[in-house]
Amino acid sequence: MTSQARDPAELGPRPEAEVPAESCDYQPENPVEQFLRTDRMPHIWCPGCGIGTTVNSFARALLEAKLDLDRVAVVSGIGCTGRVAGYVRLDSFHTTHGRAIPFATGLKLANPNLTVVVYSGDGDLFAIGGNHIIHAARRNLDLKVICVNNFVYGMTGGQLAPTTPVGALTTTTPYGCYEPAFNLPALMDAAGAVYVARWTSFHVRQLTRAMVDIFRKKGFCFIEVLTPCPSLFQRKNRMGEGLDAMKYYKEKSKVRHGAPTSEVGLTIDGDIIVGKFVDRERPEFLDLLRSQLAAQLGDRYVEVEHLVCS
Amino acid sequence: MPHADPRGVLTGVHFMDGDHAACEGALAAGARFAAGYPITPSTEIVERFAARIPTVGGVFIQMEDELAASIAIAGAVWAGAKAFTVTSGPGFSLMMEHIGFAVMTETPCVFMNVQRGGPSTGLPTLPAQADMMQARWGSHGDYEIIALSPNSPQECFDLAVRAFNLAEEFRVPVMLMMDEVVGHMTEKVVIPPAEQIEIYPRRHTRLPPGQYKPYAPGPDLVPEMAHAGEGYRFHVTGLTHDERGYPSMNAAAQDRLVKRLKAKITRAADRLACYEEEGTEDADVVVISYGITSRVAQRAVEMARARGVRVGRLRLITVWPFPTRQIRALARRVKALVVPELNLGQIVLEVERAAAGQAETISVPHAGGSVHAPEQILDAIMEVAK
Amino acid sequence: MQLTEIRVAGFGGQGVMLSAHIIGKAAAVYQGAYATMTQSFGPEARGGAASAQVILSDKPILYPYVTRPDVLIAMSQEAYSRFLPELKPGGLLLVESDLVRVSDLPAGIRVHSIPATRLAEELGRRMVLNVVMVGFFGAITALLEPDALRKAVIDSVPPATRDLNVRAFEKGFEYGLNTLHGEHHAESEHPSLPLEAHD
């Protein structure tokens, strides 16, 4: 494990409320600021929250992957991470709770030229939206899913999530969580994702690299990013501030690329296995759709690249 | 207005059921994306779309549930497509949140509901008209939608085209409120040549990215759209938002946005009002109905006339927004309004409200599972005409 | 054409729906009349009993359902037993003679029968019995122009089976004409043997 990551507070999108959105002569100091809606700052995330850190990696990954930013769309659900769509200066959709994946499905199928990123939280993607994500992975639709996992429902004040480790305190498990948690990489692996990785907000460089990887890979790609929620999860469970979480991640993380996903489940104080677990090839949904229809219908099949109406 | 893309138009004279005709209407209107989840008695619409769309040019996807289907279409619309979903009963209940999302984000799209008996699983294969209030009020918050009610397979085609046109014009979800009888009955359906089908085009902005504000309303209170991938880098949210599309969560922003979303429809209510009226000029009694019930009501009206009653009929084609002004004017001239419907009294409440005591309002309820016997409606007419 | 209610009934796999569809289409598309066809749906419509209703008229059809059919086309014993009671007094009953044993017939019902399955088998495909039945219906009732029915047959079946279906239609039609001319004594041909199992 490298330890070159800086303090997340340094990396997060900082408040720049005075910068006008359309000002041409403003030269951003931070190279990632061009990816942000600076006219929407300050953001709503708490001090020490890891979501901003992941956005920083996302912006750097966009830069590094040299994507045409006019063709990148970000889709979020509801929750703290759901607000990412509102802060990135891209076509962005803040949809309904749990439904970022099916919205993204329609977006991608109607315009396959778009790079469609689904950026949302663990509760949004795996509790209320759990059915959608396993089906999108099964289809192997070309979506880039970034799941920020802070083990808790932040926006509503710290309730149980499908990822909350057994023993952890939340406002709806005041005597400790007794429900088994989802092992997200194992679930995505089983459902058919072609790329599955886990990093933490401590691993900003690895996370950036993983994001570049999925921008370049076709098919359903999934990155789980563990992030601290100092206001709720850390505090409730006496895990300290954001910085303490970074130290904790540094101490507990073990990089094991290619680890069997069945072995990467998380516990409240056990090791955090990080790395790229799955990187494989499966036929992508639209390719399957097109080849099936072309084979069955021959010349009668009308393949349309972009379903744009007049 | 421009004309339909001939690739989607199955011009000719057909013997076709209402579900298939609704699908052909969607194709003629330019719908090139549909997402659905199988549910009786609406499934034939997406089955036909799945069979037809590969040779027209577009995509059908069967989603994992109705929640998914009802927001996948919003995604497709923001990518540039005209899109719709189709459902019935329990599926319509699941779609409510995304009707609200489409209202709030001003996503033009069409929801087709082939109504069956409820509540819950109810009567999957048998008719009802019991989702009329749900179509209007089923999602949370204050809003207006447009709902159309066909009474024949021909109208399933015609009103499907109109539904898409209204969705585009007002940037609102439009409900095509069919019922099991209309959906499953087979009759002659004439599909005109493409050049005779007018299409309301997407209200796409002509402004360059720097000047475009996604939710700055035009003179008719409807903003112009951009699509993902065009360089506008816009933001869409279901949160209360300002003209830039940015979340703006305060009473003033709420007041501005929600009132505009309502007013863009209510201001056009007279133009949207669409109904068929016959024999009301000198009538003592007028039967007000919609959908399949209007055909049974017409038979009852003919029977009543044979018995010497001066009775007229008014068939609602646009049910929402409700033509309050028109019904109120009618109520001033007649003694009673008789409202048969395949529910225990939904649209009759609107009729009563519109009549405002000017005419007696009689409900002729039916719990669904069949249509009224004409005699049931006749009895109500004769009773009130005494 | 006066308003005429027709019910076609049999068991799943006989092509009951297609028979009704052809009759309705002939009237609505090829003869300038009105036709409304409805059918039963759902689990009860798979296998077992199948039934379709079609109403023909020269005026727009308001009430969508058949209540007292003028014509019942019965292609199974179950269909016969179930739907005979609703047949209008003085109505017309057309039956598949090898599959339906006519009994307890109320007075005034006209009945004609045809071994449609056997005739279809003579053409090489039992599955076209429904179109044989349509031809028979066309000749007996003379409600619709034969050419309208023929066009509706052609327009309703897969292209590869068009010739076969047209032959099936002609066969049934001819059998019907012969029946009317007294060459078949249909009423006396009901077998008293147990019904064969089909499908």
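The values are calculated or read from the model by the stated rules, or taken from the named source; none is laboratory data. Computed from a predicted structure; not experimentally measured. Don't worry about glycine lacking a Cβ; one is built from the backbone with ideal geometry, like all the others, and counts go over all protein chains shown.
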Taking the stretch A:22-40 as the region of interest, how many residues are part of a loop (DSSP other than H, G, I, E, B) and at pLDDT below 90?
11
Inside the stretch B:64-78, can you point out the residues that are within 7 Å of chain A (Cβ to nearest Cβ) and either surrounded by 24 or more Cβ atoms within 10 Å (Cβ to Cβ) or over 15 Å from A:Leu141 (Cα atoms) (or both)?
B:Asp65, B:Leu67, B:Ala68, B:Ile71, B:Ala72, B:Ile73, B:Ala74, B:Gly75, B:Ala76, B:Trp78
Based on this model, can you work out whether B:Thr125 counts as touching a residue at least 24 places away in the same chain (Cβ under 8 Å), surrounded by fewer than 22 Cβ atoms within 10 Å (Cβ to Cβ) and within 11 Å of chain C (Cβ to nearest Cβ)?
yes
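Scan A:Thr105, A:Thr156, A:Thr95 and give me the residue that is more than 9 Å from chain B (Cβ to nearest Cβ) and over 14 Å from the mean Cα position of the chain (by Cα).
Only one candidate qualifies: A:Thr156.
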From the set of residues in the stretch B:103-137 that are of a type in the set (S, T, N, Q) and touching a Lys or Arg at 6+ places or on another chain (Cβ under 8 Å), which is nearest to B:Tyr215 (Cα to Cα)?
B:Thr107
Selection count, the stretch C:16-32, where residues are surrounded by fewer than 24 Cβ atoms within 10 Å (Cβ to Cβ) and either under 14 Å from the mean Cα position of the chain (by Cα) or farther than 13 Å from B:Val13 by Cα (or both):
2
Pairs please, first residue from the stretch A:122-139 and farther than 20 Å from A:Leu226 by Cβ, second anywhere and polar (S, T, N, Q), Cβ atoms under 9 Å, 6+ apart in sequence or on different chains.
A:His132/A:Thr105; A:His135/A:Thr105; A:Ala136/A:Thr105; A:Arg139/A:Thr105
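Going by the conditions given, is B:Met95 touching an Asp or Glu at 6+ places or on another chain (Cβ under 7 Å), over 30 Å from A:Asp299 (Cβ atoms) and either basic (Lys, Arg) or outside the structural domain of B:Leu126 (by TED's automatic domain parsing) (or both)?
No.
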State the number of residues belonging to the stretch A:46-92 that are surrounded by 23 or more Cβ atoms within 10 Å (Cβ to Cβ), within 14 Å of chain B (Cβ to nearest Cβ) and touching a Gly at 6+ places or on another chain (Cβ under 8 Å).
10
Test C:Ser103 against the stated conditions and say whether it is closer than 22 Å to C:Ile6 by Cα, of a type in the set (S, T, N, Q) and either at pLDDT 95 or above or touching a helix residue (DSSP H, G or I) at 6+ places or on another chain (Cβ under 6 Å) (or both).
no
All positions within the stretch C:81-121 that are within 15 Å of the chain's Cα centre (by Cα) and assigned to a loop (DSSP other than H, G, I, E, B)
C:Leu87, C:Gly91, C:Ser97, C:Asp98, C:Leu99, C:Val100, C:Pro115
From the list B:Ala102, B:Ala50, B:Ala81, which residue is part of a helix (DSSP H, G or I) and surrounded by 24 or more Cβ atoms within 10 Å (Cβ to Cβ)?
B:Ala102
Any chance A:Gln296 is out of contact with any Gly (no Cβ under 7 Å at 6 or more places or on another chain) and either assigned to a loop (DSSP other than H, G, I, E, B) or surrounded by fewer than 17 Cβ atoms within 10 Å (Cβ to Cβ) (or both):
yes
In the stretch A:206-230, how many residues are surrounded by fewer than 20 Cβ atoms within 10 Å (Cβ to Cβ) and either within 17 Å of A:Tyr248 (Cα to Cα) or within 15 Å of the chain's Cα centre (by Cα) (or both)?
4
Is it the case that B:Leu221 is out of contact with any helix residue (DSSP H, G or I) (no Cβ under 7 Å at 6 or more places or on another chain) and under 20 Å from B:Arg171 (Cα atoms)?
no
So how many residues does the stretch C:33-63 have that are at pLDDT below 95, within 13 Å of another protein chain (Cβ to nearest Cβ) and outside any strand (DSSP E or B)?
7
Find the residue count for the stretch B:210-240, including only residues that are within 9 Å of chain A (Cβ to nearest Cβ) and either more than 26 Å from the chain's Cα centre (by Cα) or in a loop (DSSP other than H, G, I, E, B) (or both).
13
Hits in the stretch B:1-41 - residues which are in a loop (DSSP other than H, G, I, E, B) and either more than 14 Å from chain C (Cβ to nearest Cβ) or closer than 25 Å to B:Glu169 by Cβ (or both)
B:Met1, B:Pro2, B:Ala4, B:Asp5, B:Val9, B:Leu10, B:Thr11, B:Gly30, B:Ala31, B:Arg32, B:Tyr37
Identify the residue in the stretch B:241-256 that is outside any loop (DSSP other than H, G, I, E, B) and farther than 24 Å from B:Ile71 by Cβ and, among all such residues, is farthest from the other protein chains (Cβ to nearest Cβ).
B:Asp255
